[in-house]
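Some notes on the structure that comes next.
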Amino acid sequence: MEEEPNMTQEIEKIWPEWKVVERIGSGAYGSVYKAVRSDHNLTSSAAIKVISIPKDASEMESLRSDGMTQDGTRTYLQGIVDDFVNEIQLMETLKGIQNIVSVEDYKVVERTGEIGWDIYIRMELLTPITGYLKQNKSFTRREIIRLGIDLCRALEVCQRYNIIHRDIKPANIFISETED
């Protein structure tokens, strides 16, 4: 993939102390990379999600073919960026709450010479449940009960903050390496 080295370089420009190891996932809104940082014989890991608005040239072309002007396109896309930033800020208020992924840092970078933004979100690195099951084959009865309770607790937190997740699926359920 041609854009991959460029994205790695962009991430490392934003957070020079973090080195991108690999791309670990992608979805409708972007790609996620594993990054590591070493300092004084301590190595830390993080997940860095990159969201591009618009996601590609065809999305831009689609907006223009729908009759949007240059200013209208910019305003529309800026609204999407603002929605993501609001979501990130909400996630920052949830930092430290058990069963909710922790956002550590973020940066919004406006592109030069074109309409568009790249949003970089650094968060704790977790194992997707699907990846965990590939390695461990199954859960014990106790682990299943614990997982159900943890999911319900996370949904209770969402309800407290009037958050509707809208994308609960195995790919969005994660296991922490520190869980017992």
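The values are calculated or read from the model by the stated rules, or taken from the named source; none is laboratory data. Remember, predicted model here, so these are calculated numbers, not experimental data. Ideal geometry is used to build each Cβ from the backbone, glycine not excepted, and the neighbour counts take in all protein chains shown. Ligands, DNA and RNA are excluded from the accessible area calculation, which covers all protein heavy atoms including side chains. Shrake-Rupley method; radii C 1.70, N 1.55, O 1.52, S 1.80 Å.
Here are some notes:
- Within segment 122-141, the set of residues being basic (Lys, Arg) and either over 23 Å from Asp105 (Cα atoms) or in a helix (DSSP H, G or I) (or both) comprises Lys134, Lys137, Arg141.
- Qualifying residue in segment 10-23 (condition: open to solvent by 50 Å² or more (accessible area, probe 1.4 Å), within 16 Å of Ala171 (Cα to Cα), touching a helix residue (DSSP H, G or I) at 6+ places or on another chain (Cβ under 8 Å) and of a type outside the set (S, T, N, Q)): yes
- Screening Tyr33 on (1) in contact with a helix residue (DSSP H, G or I) (Cβ under 8 Å, 6 or more places away or on another chain); (2) part of a helix (DSSP H, G or I) shows it passes everything except condition (2).
- Filter result (open to solvent by 60 Å² or more (accessible area, probe 1.4 Å) and under 17 Å from the mean Cα position of the chain (by Cα)) within segment 71-95: Asp82, Asp83, Asn86, Glu87, Gln89, Glu92, Thr93, Lys95
- Residue that is surrounded by the fewest Cβ atoms within 10 Å (Cβ to Cβ) [pool: residues in segment 103-146 that are among the small types (Gly, Ala, Ser) and either out of contact with any helix residue (DSSP H, G or I) (no Cβ under 8 Å at 6 or more places or on another chain) or farther than 22 Å from Ile11 by Cα (or both)]: Gly113
- Here Ile97, Ile164, Ile144 are screened, and the one residue that is of a type outside the set (Ser, Thr, Tyr), more than 30 Å from Met60 (Cβ to Cβ) and in a loop (DSSP other than H, G, I, E, B) is Ile97.
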